[in-house]
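The next block holds one structure in the form of structure tokens; read it before the comments.
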Amino acid sequence: MALSVKELASLLSVLSEDTTQTQSFESLATSFHHYFTKQDHFKVGSSIVLLLQNRDLLPHPTQKLAAIFLLYEMYRTDPIAANPFATVFVHILNPPTENQEAGQFDLHWAIPAISPAERYFLSQLISSPTKEMFKKTPTQIIQLDVSSMQNFDVSGLQLALAERQSEMPAQSKSAMPCVVPDRDTKPSSFDHFGKPGVINPDVQRQTIESLLTGNKAPVENCMMPEFIRLAPPLHIAEDELCWMNPVDMDYSVAWDTTMCVSSSAGVEIRRLMSKAFKGALTLQQQQQLLDELEKDNKLVYHIGLTPAKLPDLVENNPLVAIEVLLRLMQSNQITEYFSVLVNMEMSLHSMEVVNRLTTAVELPSEFIHLYISNCISTCETIRDRYLQNRLVRLVCVFLQSLIRNKIIDVKDIFIEVQAFCIEFSRIREAAGLFRLLKSLDSADPQNTPTAATR
Amino acid sequence: MADNKAKNDSDAEMETSMPLPQVTESQKELASQAMSEFDKKQYGSCCSLMHKLIAQRPTDPKVAHNKAVAEFFQSGFLTTDEFRQQLSKVCQMAHVNIDNSESLEDVDHSVIYFNQAVILYHLRQYKAALNILDKLFQYIEPLGSSIVGTYRLSFRYTVESSVRDRKYVDSNNEFQEEALAKKATMLLVELYLCTYQPEKAMGMVHYAEKTVFTAGKNAGEKENKEDQVDEAWKPKISLYKTRCLLMMKSMKSCKREIKSLMSTQAMNTAVIYLKSNFEHLRGNHKKAMKMLGSVSTSDFTEAGECMPVMYNNNLGCIHFHLSKHHLGAFHFRKAFQENENAIKDIKRGAEHNKNLSGKTLNSIGMSRHFELLYNMGIQLLHCGKAMPAFDCLVEAVQVFRSNPRLWLRLAECCIMANRQNNDEDRKLEKRLEVIQGSDGSGIHRKLRLGPGLKKDNPSPGTPAIPAATHEFAALCLKNALHLLPEDPLTAEKVPIEDSDTVKITPEMVLVPAPPGNPLKAAEVASLRCSILAASAYVALCLNDYTLALLHAENLLKQPKLTGAQRYLGHLYMAEAQVAMDKIADAIQLLNPELVVDISLTLPENKTEQDKSERDPEASESKGYFYPWSPKDLTRAKAIAQYNLATAHAIRGEYDKAGQNLGESSSRIGTPLPAQMYFLKLYLDLIEGRRNMAQVVIKDHFGHVTPNRVEMKMNSKPGVPRPDTAVS
């Protein structure tokens, strides 16, 4: 944001007392654009504003006028309300009412008032500029007698700016330049003796340089009211640090005690099982397998069966599957096996397994219901007519067996099964099942009226 | 030998799926001999037996496995790398994918998995070990519980010859199978504890107590023997229970458990440390310290842990809670050194071995480096040393990244690094920033007022690279918030009917905070408040006012706020509102009369403390926190009033601003914060009271200006204004 020393020199050359007195605004603009490009304009403008705020830094009226002109010139191509320094113009045209006693009331941030001629020029500039204006020199403008001339109306600009400003938060409008003039009331060096208030060009140049150039130049800064922002206290925790307790345990590797003692039966069984996953076993093999399982309850955990392999076993050797599942009933994995069984493709074998399981042990009723709805939906969705008929018959027989054996309560599945029977009423077994349902229904007075009316 | 070779060939053929060759009687004999040597801890002879056996059965994975085990024992557990290699070879032979615990299908392979889990445990890969054991447990569980009397049958059936031999194998095997189940259960509990899941650990202990360790009672003929075993396990179970209870912080049950432990094995180091831990948690720090001192600190425990590290670390913890932060830091540093030394010793020992991990299995995971860094970091933070604390914690967080509180601590380090404490504003160097200096001389003399204390220097680079900046703090706090369970305030809105159940469930959840104990619901709530307060603060520092407002609103909605947090919430909210041009709201919030409480703890805690105040020892427990200012209500009110003045000033209400500023400056305490001088100068200058400003400047910053103002003198008549002078 700050200017480089070279840029500052260029700016000051444009704004020098000589140049501003002799050259026309047009040529001032030309030399300014010679030094600065559009990208520089904002920082140059900010510097110009700071110079304007300090009476001693642009002491001569022509300089001041030229500086104001440059603020305009930089953004001439844009609408005037879009000029970032438009507020400066409004500020200059409507200076804060200064108190008479300057000592008590001294606005360091205000731009000193300008003469009527300058006012006239500025208001014309921002409302309706003419070409002749730019041909004049600042000196000519200052010497103009404007007492008879009418001021230009700038209220449009003021309104636009006021509107734009109202959209900005108050905080962004609260800043103040941080450079405060503090004239020495007493001479600070021998040179100054007897010359109070006299401009010293060297000191002036130095001051301008230190204000406008360098790292963190004051021109970049401003001052605004600031909150005291308290950092929060450190979090208070009762038990945060890591306390260390010795571990009184020795976790070491273990010896495999089953080395060379694994039974021949175990090995044989395993071999049989891996066969059983792939194809039907002979009756003899099946018997051998079941015998071994019979002998050792825990052997079932050693035969290499997992839930994922269950469907293969069911399809190939349903009898073995039933036996194995019965032995796994105590295992904590049995629910996994059940869920695999419920979700596997419906078939004669899977149905047989479920049927046998239902008669042998008490299965969770959700499991049976899930299986039944699975069967029913399989029947309904199957495309092959022949296969469908076959499956429907199977399901009907299965359901009849379940109902006759009182494994399921008809009430729980009544509606679903009834709908199923009606849908497949063309099949004899379905009609039979329907009749069975009806007979149970009439025997049970508590049934739903809708079912009774059918 | 020719015979063997033929067998080898056939073995190779069968290896794909065919079973192994039949076990011959001589092999069986060898195997049982090897096992008995192993049990007798004669690993040398065991190894040589295993060599013989493997020559006969080169494809038997179990033989290969046991050979590896025997050699590992023989080496004194120094050859961990080799053992792991052997283990993976065994896995290949047995067609087992050890990295995938899902592949565990056969209980026959359980020993392999168990050993893998043991190694992982010592390598401190707890999660991986836990995965294996969780799965393994499903298979082992039925074996452990009621195996007696059933498994025996299979052996009786299979081992037909040599009755005497069979009997040995038989009974021993059952015992061993069960021993494996027990070992696995123990390791599982340990792993649950290592991964800070005390409830699961406790569940497992209870379960094991009922099944695995009382197995013998079902078996009639072995009752005596089994009961003895059970008795032998009892103290260990009790130790586990105590550790679970300590971790869950259920002090009442813990007290009972410890009492029984102390009555039976009062000389056990582990027990004494647990008791000390218990007293420490209860706030009896002196007692805890005494307990620690009563143990003779031999250097290493059997499990390979370095006692001096633990001793010093725990002393550090105690001193931390006694608010003796520098003493605490001293002990942590000492623990750190001990840890470094211990590692160095081991490494030196390792050099003699060709192996990379020539340390014993137990000592591989011995280093407590990161736990110590964690403790040290928190301790240093409380010493007010933000940067060293940051360096410690930023390393620790790479290991304990699931700890929300640790992320908050990191953010606190960043906050402290940028603002040591709230009295910083009063320091001379801050006050000197009010006026930066002067330029020029004579008529051109200018004062440069400071731009303010706010520093808007965005950190170079990305905030993802850890540095003690507010940007990084914001990231940390985001992590911390994400690690907390969902805010019950926002979650509760959906089910209105069963609000009771909703309220109950979060109570049950423990939030992990490794390496510390998991957080209970109340701790989570208070942590959330602290995180929200810090988040709002950091967002303000980053000029993210929308987010700051959001966090502050969220903070004020929390059901249990400390006085200080409510106060801060109002301040933060007001500042964000001013920035977002809602000054009227902010002015209401900043009413100093609203500040009624700035205590740092919840009122409930206070009453508890008061209660325990009668207990002479309990008074130690309070005030281990870092001092925070404002310390008293008057100053807190004054700060709120100063901010009120600022809000008025921003709105252009300079009279009100001046009045509030004056009132607050008389109560805020001296030296005044730098911001007050700023505001005073601002108000004077903006209204053109240039001379008044000069008086303030000359009085407080006299070094920047030679110009004294006599209030009665008006400068106007004497000195012409520069512009008029020239024109």
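The values are calculated or read from the model by the stated rules, or taken from the named source; none is laboratory data. All figures in this text were calculated on a predicted structure; none of them were measured in a lab. With ideal geometry, Cβ positions are generated from the backbone for all residues, glycine too; neighbour counts draw on all protein chains shown.
Rundown of residues vs (1) among the small types (G, A, S); (2) more than 10 Å from chain A (Cβ to nearest Cβ); (3) under 25 Å from the mean Cα position of the chain (by Cα), yes/no style:
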position: B:N554; (1), (2), (3): no, yes, no
position: B:Q558; (1), (2), (3): no, yes, yes
position: B:L571; (1), (2), (3): no, no, no
position: B:I587; (1), (2), (3): no, yes, no
position: B:P592; (1), (2), (3): no, yes, no
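Does B:S250 fit the bill of being more than 9 Å from chain A (Cβ to nearest Cβ), closer than 30 Å to B:Y626 by Cα and under 21 Å from the mean Cα position of the chain (by Cα)?
yes
Taking B:G669 and the conditions (1) away from chain A (no Cβ under 12 Å); (2) farther than 29 Å from B:Q565 by Cβ; (3) in a loop (DSSP other than H, G, I, E, B); (4) not aliphatic (A, V, I, L, M), which numbered condition does it fall short on, given that it satisfies the others?
(2)
Restricting to the stretch A:352-368, what's the tally of residues that are small (G, A, S) and over 54 Å from the mean Cα position of the chain (by Cα)?
Count: 1.
Test A:T335 against the criterion of being in a helix (DSSP H, G or I) and closer than 30 Å to A:R426 by Cβ, and give yes or no.
no
Among all residue pairs at least 6 apart or on different chains, which show Cβ distances below 8 Å where the first residue, located in the stretch A:64-85, is assigned to a helix (DSSP H, G or I) and the second is acidic (D, E)?
Sorted first by the residue in the stretch A:64-85, then by its partner, the pairs are A:K64/A:E118; A:L65/A:E118; A:I68/A:E118.
A:L289 - would you say it is surrounded by 21 or more Cβ atoms within 10 Å (Cβ to Cβ), on the phi < 0 side of the Ramachandran plot and in a helix (DSSP H, G or I)?
Spelling it out, A:L289 is indeed surrounded by 21 or more Cβ atoms within 10 Å (Cβ to Cβ), on the phi < 0 side of the Ramachandran plot and in a helix (DSSP H, G or I).
Name the residues in the stretch A:145-182 that are modelled with pLDDT of 85 or more and not in a helix (DSSP H, G or I), would you?
Hits for the stretch A:145-182 are A:E167, A:M168, A:P169, A:S174, A:A175, A:M176, A:P177, A:C178, A:V179, A:V180, A:P181, A:D182.
Each row is one residue, and each column tells you yes or no for (1) at pLDDT 90 or above; (2) surrounded by 15 or more Cβ atoms within 10 Å (Cβ to Cβ); (3) of a type in the set (D, E, K, R); (4) under 22 Å from B:L685 (Cβ atoms).
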residue	(1), (2), (3), (4)
A:E7	yes, yes, yes, no
A:L15	yes, yes, no, no
A:V44	yes, yes, no, no
A:P59	no, yes, no, no
A:P95	no, no, no, yes
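Against the condition within 13 Å of another protein chain (Cβ to nearest Cβ) and under 24 Å from A:I372 (Cβ atoms), how does A:E292 come out, does it pass?
The answer is no for A:E292.
How many residues does the stretch B:628-645 hold that are in contact with a helix residue (DSSP H, G or I) (Cβ under 6 Å, 6 or more places away or on another chain), of a type in the set (S, T, N, Q) and within 21 Å of B:D585 (Cβ to Cβ)?
1
A:A117: among the aliphatic types (A, V, I, L, M), away from chain B (no Cβ under 14 Å) and either over 48 Å from the mean Cα position of the chain (by Cα) or part of a helix (DSSP H, G or I) (or both), yes or no?
So A:A117 does not fit the description; no.
Only one residue in A:Q171, A:Q158, A:Q124 is touching a Ser or Thr at 6+ places or on another chain (Cβ under 8 Å) and farther than 27 Å from A:I208 by Cβ, so which one is that?
A:Q124
Among the residues of the stretch B:601-610, is any over 30 Å from B:L453 (Cβ atoms), within 11 Å of chain A (Cβ to nearest Cβ) and crowded, with 17+ Cβ neighbours inside 10 Å?
There is at least one residue in the stretch B:601-610 that is over 30 Å from B:L453 (Cβ atoms), within 11 Å of chain A (Cβ to nearest Cβ) and crowded, with 17+ Cβ neighbours inside 10 Å.
Which count do you get for residues in the stretch B:43-84 that are among the charged types (D, E, K, R), surrounded by fewer than 19 Cβ atoms within 10 Å (Cβ to Cβ) and more than 46 Å from the chain's Cα centre (by Cα)?
Counting residues in the stretch B:43-84 that are among the charged types (D, E, K, R), surrounded by fewer than 19 Cβ atoms within 10 Å (Cβ to Cβ) and more than 46 Å from the chain's Cα centre (by Cα) gives 1.
How about the stretch A:143-179: which of its residues are within 10 Å of another protein chain (Cβ to nearest Cβ), surrounded by 12 or more Cβ atoms within 10 Å (Cβ to Cβ) and either free of Cβ contacts under 8 Å to residues at least 60 places away in the same chain or at positive phi (or both)?
Matches in the stretch A:143-179: A:P169, A:A170, A:Q171, A:S172, A:K173, A:S174, A:A175, A:C178.
Can we say B:N375 is at pLDDT below 90 and not hydrophobic (A, V, I, L, M, F, W, C)?
Judged against the criteria, B:N375 is not a match.
List, please: which pairs have Cβ atoms under 6 Å, are six or more places apart or on different chains, and start with a residue in the stretch B:63-83 that is more than 7 Å from chain A (Cβ to nearest Cβ) and among the β-branched types (V, I, T) and end with one that is crowded, with 19+ Cβ neighbours inside 10 Å and not in a loop (DSSP other than H, G, I, E, B)?
B:T80/B:L361
Hey, could you check the stretch A:196-215 for residues that are more than 7 Å from chain B (Cβ to nearest Cβ) and under 12 Å from A:N54 (Cβ atoms) and say which is surrounded by the fewest Cβ atoms within 10 Å (Cβ to Cβ)?
Checked the stretch A:196-215; the qualifying residue surrounded by the fewest Cβ atoms within 10 Å (Cβ to Cβ) is A:I208.
Could you list, in sequence order, all residues of the stretch B:384-402 that are within 12 Å of chain A (Cβ to nearest Cβ), crowded, with 17+ Cβ neighbours inside 10 Å and not aliphatic (A, V, I, L, M)?
B:F400
When the residues of the stretch A:267-286 are narrowed to those that are of a type in the set (G, A, S) and away from chain B (no Cβ under 11 Å), which ends up surrounded by the fewest Cβ atoms within 10 Å (Cβ to Cβ)?
The extreme case among them is A:G279.
Could we say that B:P495 is of a type outside the set (V, I, T), modelled with pLDDT of 85 or more and assigned to a loop (DSSP other than H, G, I, E, B) here?
no
Here are some residues: B:A649, B:A657, B:A645, B:A640. Which one is more than 19 Å from B:G452 (Cβ to Cβ), touching a residue at least 24 places away in the same chain (Cβ under 8 Å), at the interface with chain A (Cβ under 10 Å from one of its Cβ atoms) and part of a helix (DSSP H, G or I)?
Going through B:A649, B:A657, B:A645, B:A640 in turn, just one is more than 19 Å from B:G452 (Cβ to Cβ), touching a residue at least 24 places away in the same chain (Cβ under 8 Å), at the interface with chain A (Cβ under 10 Å from one of its Cβ atoms) and part of a helix (DSSP H, G or I): B:A640.
Looking at the stretch A:406-416, is at least one residue modelled with pLDDT of 85 or more, touching a helix residue (DSSP H, G or I) at 6+ places or on another chain (Cβ under 8 Å), of a type in the set (A, V, I, L, M, F, W, C) and under 22 Å from A:R356 (Cβ atoms)?
No, the stretch A:406-416 contains no residue that is modelled with pLDDT of 85 or more, touching a helix residue (DSSP H, G or I) at 6+ places or on another chain (Cβ under 8 Å), of a type in the set (A, V, I, L, M, F, W, C) and under 22 Å from A:R356 (Cβ atoms).
List the helices (runs of 4 or more DSSP H) that sit entirely inside the stretch B:118-221 and contain at least 3 residues that are aromatic (F, W, Y) and either modelled with pLDDT of 65 or more or within 30 Å of B:Q22 (Cα to Cα) (or both).
B:126-146, B:151-158, B:163-194
Filter the stretch B:688-702 down to the residues that are more than 8 Å from chain A (Cβ to nearest Cβ) and free of Cβ contacts under 8 Å to residues at least 12 places away in the same chain, then identify the one that is farthest from B:A674 (Cα to Cα).
My answer is B:M692.
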